[in-house]
Amino acid sequence: MDNKHKPKINNSGWVCLSFTGATWKPHVLPAKWRHLLVSDLRRRDPGPAVSGKLEIAAKPTTEIFLDLRDPCYADAPDETVDCYGLSVSMPSEFVATFAQDLERAPLRHFQVGRGRVSYYKLHSGYGCLVLSEGQRNDLLIKLQNLTSNAEERARAFYESKKPINQVLAEANQVATGAACRPEDVGIDPHKRYRPNYIPN
């Protein structure tokens, strides 16, 4: 991409970095840290940089969606909070997990000359969110305050749904004519929301 077509990056905003030629997940982070992150990733895993095949795309962003697995239900409830101008969304069922992960996340450091810049990283299934200490604390408080209501929304949703492993077992029987039990096609990832569910 030539320079005149590259998106303009505002150092006071947020940026999403995505990578071609590397196994690194996309990262959303404060734009002013984008060069520090790339240097840090190269230091930890120099392979792509050495091969010369690494391509980095940087796009301004105002949002991130965090998830831990492929969605089973397109209409499952989500939660959204604002973190310093970044809209952070996630499935209701994962708010408690992300709050715990963020609370336990170790303090990391970018090396800057003889000094360093401290940050936290929150991993999701498909990307990472990099935060300053203030941003991390702000997001953590908001997620902790949201956890109880998010769990209730997830429970209300999944109590009304047939377990995904039962759906798969029924689809298998229709497709092949062979009966199988729901447990034969996998676990029910939402079982905690259906403690009294009895399959047909």
Query raised in the report: Hey, does the stretch 74-89 have a residue that's without any contact (Cβ under 8 Å) to a residue 24 or more places away in the chain, under 21 Å from residue 159 (Cβ atoms) and either touching an Asp or Glu at 6+ places or on another chain (Cβ under 7 Å) or of a type in the set (A, V, I, L, M) (or both)?
Result: yes
Report summary line: Scanning the stretch 108-120 residue by residue, the ones that are open to solvent by less than 80 Å² (accessible area, probe 1.4 Å) and in contact (Cβ under 8 Å) with a residue 24 or more places away in the chain total 4
Report summary line: Matching residues in the stretch 87-104 (buried (at least 17 other Cβ atoms within 10 Å of the Cβ) and over 14 Å from the mean Cα position of the chain (by Cα)) number 0
Report task. For residue 168, state whether it is touching a helix residue (DSSP H, G or I) at 6+ places or on another chain (Cβ under 6 Å) and farther than 21 Å from residue 77 by Cβ. Result -> yes
Query raised in the report: Taking the stretch 87-101 as the region of interest, how many residues are over 15 Å from residue 65 (Cα atoms) and in contact with a strand residue (DSSP E or B) (Cβ under 9 Å, 6 or more places away or on another chain)?
Result: 1
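Yes/no per residue for (1) more than 19 Å from the chain's Cα centre (by Cα); (2) assigned to a loop (DSSP other than H, G, I, E, B):
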site	(1), (2)
116	yes, no
141	no, no
148	yes, no
152	yes, no
157	yes, no
166	yes, no
188	yes, yes
Query raised in the report: Which one of 136, 104, 116, 69 is among the charged types (D, E, K, R) and under 30 Å from residue 182 (Cα atoms)?
Result: 69
Report task. Pull up the stretch 42-70, narrow it to residues that are open to solvent by 100 Å² or more (accessible area, probe 1.4 Å) and modelled with pLDDT under 80, then point me to the one that is nearest to residue 160 (Cα to Cα). Result -> 70
Report summary line: Here the residues within the stretch 18-36 that are farther than 17 Å from residue 133 by Cα and more than 18 Å from the chain's Cα centre (by Cα) are 20, 21, 22, 35
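The values are calculated or read from the model by the stated rules, or taken from the named source; none is laboratory data. These numbers come from a predicted model, not from an experiment. Glycine gets a Cβ as well: all are built from the backbone with ideal geometry, and neighbour counts include every protein chain shown. In case anyone asks, the SASA skips ligands and DNA or RNA and just uses the protein heavy atoms, side chains included. Shrake-Rupley method; radii C 1.70, N 1.55, O 1.52, S 1.80 Å.
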